[in-house]
1. Assuming R0 = 25 Å, what is the FRET efficiency of SER24 and SER107, from their Cβ-Cβ distance, to the nearest 0.05?
2. Mind putting a number on the dipole of the chain about its Cα centre? Charges go on the C-beta only, +1 for Lys and Arg and -1 for Asp and Glu, and I need it in Debye to the nearest 20.
3. Taking K and R as +1 and D and E as -1, what net charge do the other residues with C-beta under 14 Å from the C-beta of THR13 add up to?
4. Over the chain, what is the relative contact order in whole percent, taking alpha-carbon pairs under 8 Å and six or more residues apart?
5. Mind listing the long-range amide H neighbours of MET111? Cut-off is under 5 Å, sequence gap 5 or more, other chains count too, H placed in the peptide plane at 1.01 Å from N.
6. Please list, in order, the residues from the range 1-40 whose amide nitrogen is less than 13 Å from a point placed 7 Å along the Cα→Cβ vector of ASP55.
7. At 7 Å along the Cα-to-beta-carbon direction for both SER148 and GLU99, put a label point, then send me their distance in nm to one decimal.
8. Taking amide H positions as placed 1.01 Å from N in the peptide plane, with prolines and chain starts having none, which residues 5 or more places from VAL181, or on another chain, fall under 5 Å of its amide H?
Amino acid sequence: MAQNTKRLLEILTAQPVVPVVAVSTAAEGVDLARALVAGGIRSIEVTLRTPAALDAIRAISEAVPEAICGAGTVLTPKQLDQAEAAGAKFIVSPGATMELLDAARSSSVPMLPGSATASELMAMIEEGYEILKFFPAQQIGGAAFLRSIAPVFPSLRFCPTGGISIDNVRDYLSLPNVICVGGSWLAPKAAVAAGDWDTVTRLAREAAALSA
């Protein structure tokens, strides 16, 4: 687990914001990844919320090697295996089940599991995790919650996701137990649908300039 933690830390600390994106085609995923990389954002979470997600992860991994493409919304061991086979460099789950944790344990791809309560955080510590997704962040207490639990769980660091925007991102990045945030605002649906990659690159550049 320690080696996977190191690799995950390297991926997540490379930039203050990890874009959380959903794509309708593999080609769209490639164009989106290129636009994000052009703005200084290399680590990208492609969520498994669309039929094209796995093909997009595979295409991005092949066509945009400078991008570090991960798979998000991974809910089952089967999805984890599929994402790994598609070339995902990291795995993100909104929560954690014992079955998923067992699958992650035998995988060479690091996983960022989600936790939202004190009991879940304690369980993740027992499983050897030090970096966790906090989801849905804004809806379950936001930056104030993470600030309040820092003294209780000093070994844990978080990537909060959910309800985070350019308006509140600094509230999270100012916390010592936050290493980065996940955000969908870097890839607005309208801009992606219109192929407005200049807007995506501009938003990525602004996000890359934020200090974690």
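1. Efficiency, rounded to the nearest 0.05: 0.35.
2. Values: 16 positive and 20 negative charges, 59 e Å.
Dipole about the Cα centre, nearest 20: 280 debye.
3. Here the charged neighbours net out to +2.
4. Result for the chain is 23 percent.
5. For MET111, the qualifying residues are ILE91.
6. Only 23-30 pass the distance filter.
7. Reported label-point gap for SER148 and GLU99 is 3.4 nm.
8. Correct list: VAL17, VAL18.
Rule-based calculations on the coordinates, nothing more; no lab input. Bear in mind the structure is a predicted one, so any value in this text is a computation, not a measurement. Positions of Cβ are generated from backbone atoms using ideal geometry, with glycine treated the same way; all protein chains shown enter the neighbour counts.
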